[in-house]
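Beneath this line is the structure, given in structure tokens, with notes to follow.
The values are calculated or read from the model by the stated rules, or taken from the named source; none is laboratory data. Nothing here was measured: the structure is a model prediction, and the numbers come from that model. Cβ coordinates were reconstructed from backbone atoms using ideal geometry, including for glycine residues, and neighbour counts include every protein chain displayed. Surface accessibility is based on the protein's heavy atoms, side chains included, excluding ligands, DNA and RNA. Shrake-Rupley method; radii C 1.70, N 1.55, O 1.52, S 1.80 Å.
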Amino acid sequence: MARHDRILVHGLRLGYVDVVRDWRTLKRDRVRLALLAGAGLVGTLYFGVMALVVQGRTAELAARAEPSLPPVVGLLVTLLWLSSTAVFGQRAAVRTIDIDAPSLVLTSVRPRAVTIGVLSAEFLRGLAFVGLPVGVLGVGFATGAGTSVPILTVPLATVLFLTSSVCSGSAIGAVVAVWSRRSRWKTGYVAGGLALLGALVVAGVMARLSTSPELAARLPTSWYGDLFAVGTPIAASQARAFGAVLGTVAIGYAGGSVTERFATRLWLDEVGSNRSARETAAAGERPRPFPRLRGRIDRPTRYVAWRSIQRVKRDPTRISHLGLPLLVGVWLLVDLARSTAGQSLLPIAVGLLGSWFVGGFLTLNPLGDDGAALPATVTSPVDGSQFVRGTALPSAIVCVPLLVAAGSVVSIATSTLPLALGLVLWVGVHGAAAIGIALVVGMRFPRFGAIRVSRRRAVVPPSLSAIVIYSTTVLSLGLVGVGALIAPQLLLHDGAAATIAQGASVLVWLSLEGGIGYGCYRAAVRRFDRYTLE
């Protein structure tokens, strides 16, 4: 028994150290800390309003003759569980299952203790993320129910909910990570990503089925809703609440065991890393960077572009930061396409989402992507212009034409011909400018690695500051372009004056957008030329 206690203590210490290092890293990144503080302030105001709504609805429900828990609560809890499990699974497959110096860590403590540390650190991160909304909404629920019992049941249900979600997602992510490391062409990443994000698709389908509330109320994942309502005037099933506690214990044990088994394989298996190194060396013996572009683009630029594509082909998780936002965006596009009123907004949504993806595809962390090769890159004969043009080349010659083609099809199908031509022009210019914006933002806010116990050493995602600043800038400029294109017709209606005003506003916007894109390109070039290794 003492040995198991030591394992648990060691695991919890590892998780605590991981979270403390995260916090110290966050304190050193003042921009990111300011962004999180602003998001927390806005979130507090938003959830404060939602707490008033929850208070009113709870009081209305408790005032009924025989109040019972609505089936829609079970549906909401199930959707939240599926979504959070998908997120934790994606994080486990991409980042959190890997640990620094596994040979050193595993000789100091047992693999089970390391697994406990990884899971507890992920649990604490999730708790920090949901603590504010759950606390504010829990106060609204308690005041609406007219009892103080939720002060105990809401934290308990939240802890159990997160425990089951973390353990389930980490187990799935560990299986995907092992499978993907051993697959030759990284098909495991694709299949695993589809499986993890499929939970969100299932959640969306359930949300649209008319019988989904009654169906979700019978699922074990909805039993946490009954645990929320225990001790309140709202009638809840005590058997389901007790089942939620026992089910969490079972899921925690099973998920932890699966995570330990596959994570240990991952930590001790050196075959995959050696094979990847051999494949990289073999591929690097005779690089043939875009032979069809010889004579038009110099070799250093082509080599930088070729190397960027090879990195993504060997490890697709480099673009995993685009996965969840892209899935949500595509889901919104489907909703707009199904709505008659929203079809007119479909070209704008396609242009905004497509431009955001084009810019963030390969150009949002160019310095961090080099990793250990960055000193050689900076001191090589490649100058800033060649490095920046090579980094932007794949997105410029592949992604932008595809974006223009998609924007043309959607615009012609949903808008008049003059407006469609304007939207196509807007999509092309804005997509090209997004590449320059991503380059300068990514080089100003690079990320070379996270100081933590569990992380991917080979794959470094862009920094949160770069993602937020880039996304805000691209979406804001895109909306300005849409306003320049549509505002004259809305204000002056049809006629010669509207046409002249529209042409003038579009020219002004083209000058502004083109100037910003070119200025960002030049700033990125100067950043590389003046960059010094610390």
Q. Residues in segment 34-41: is at least one out of contact with any helix residue (DSSP H, G or I) (no Cβ under 6 Å at 6 or more places or on another chain), within 30 Å of TRP179 (Cα to Cα) and not basic (Lys, Arg)?
A. no
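Condition check: modelled with pLDDT under 85, hydrophobic (A, V, I, L, M, F, W, C) and within 22 Å of LEU293 (Cα to Cα). Does LEU322 satisfy that?
Details: modelled with pLDDT under 85: yes; hydrophobic (A, V, I, L, M, F, W, C): yes; within 22 Å of LEU293 (Cα to Cα): no.
It is false that LEU322 is modelled with pLDDT under 85, hydrophobic (A, V, I, L, M, F, W, C) and within 22 Å of LEU293 (Cα to Cα).
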Q: From (1) within 17 Å of VAL350 (Cβ to Cβ); (2) open to solvent by less than 60 Å² (accessible area, probe 1.4 Å), pick out the condition that doesn't hold for ILE412.
A: (2)
Q.
Whether any residue in segment 190-203 is assigned to a helix (DSSP H, G or I), of a type outside the set (Gly, Ala, Ser) and at pLDDT 75 or above is what I want to check.
A. no
Q. What number of residues within segment 118-164 are closer than 30 Å to TRP267 by Cα and small (Gly, Ala, Ser)?
A. 5
Q. Among the listed residues VAL134, VAL114, which satisfies the condition of being touching a strand residue (DSSP E or B) at 6+ places or on another chain (Cβ under 7 Å) and modelled with pLDDT of 85 or more?
A. VAL114
Q. Among the residues of segment 158-166, is any of a type in the set (Val, Ile, Thr), at negative phi, in the same structural domain as GLY15 (by the TED database) and open to solvent by 30 Å² or more (accessible area, probe 1.4 Å)?
A. yes
Q | Of the criteria (1) of a type in the set (Ser, Thr, Tyr); (2) modelled with pLDDT of 90 or more; (3) open to solvent by 70 Å² or more (accessible area, probe 1.4 Å), which one SER511 fails | A | (2)
Q.
I'd like to verify a number: residues in segment 91-111 that are crowded, with 21+ Cβ neighbours inside 10 Å and either in contact with a Gly (Cβ under 7 Å, 6 or more places away or on another chain) or at pLDDT 80 or above (or both), how many?
A. 4
Q) Is there a residue in segment 335-342 that is at pLDDT below 80, over 28 Å from THR472 (Cβ atoms) and assigned to a helix (DSSP H, G or I)? A) yes
**Q.** Every residue from segment 378-404 that is part of a helix (DSSP H, G or I), open to solvent by 10 Å² or more (accessible area, probe 1.4 Å) and hydroxyl-bearing (Ser, Thr, Tyr)
**A.** THR379, SER385
Q: Could you tell me which of the residues GLY40, GLY56 is out of contact with any Phe, Trp or Tyr (no Cβ under 6 Å at 6 or more places or on another chain), assigned to a helix (DSSP H, G or I), more than 18 Å from ALA128 (Cα to Cα) and open to solvent by less than 70 Å² (accessible area, probe 1.4 Å)?
A: GLY56
Q | Selected residue [in contact (Cβ under 8 Å) with a residue 12 or more places away in the chain, open to solvent by 50 Å² or more (accessible area, probe 1.4 Å) and either not basic (Lys, Arg) or not in a helix (DSSP H, G or I) (or both)] from THR115, THR78, THR143, THR147 | A | THR143
Q) Just one of ARG240, ARG208 is open to solvent by 60 Å² or more (accessible area, probe 1.4 Å), modelled with pLDDT under 80 and among the charged types (D, E, K, R); which is it? A) ARG208
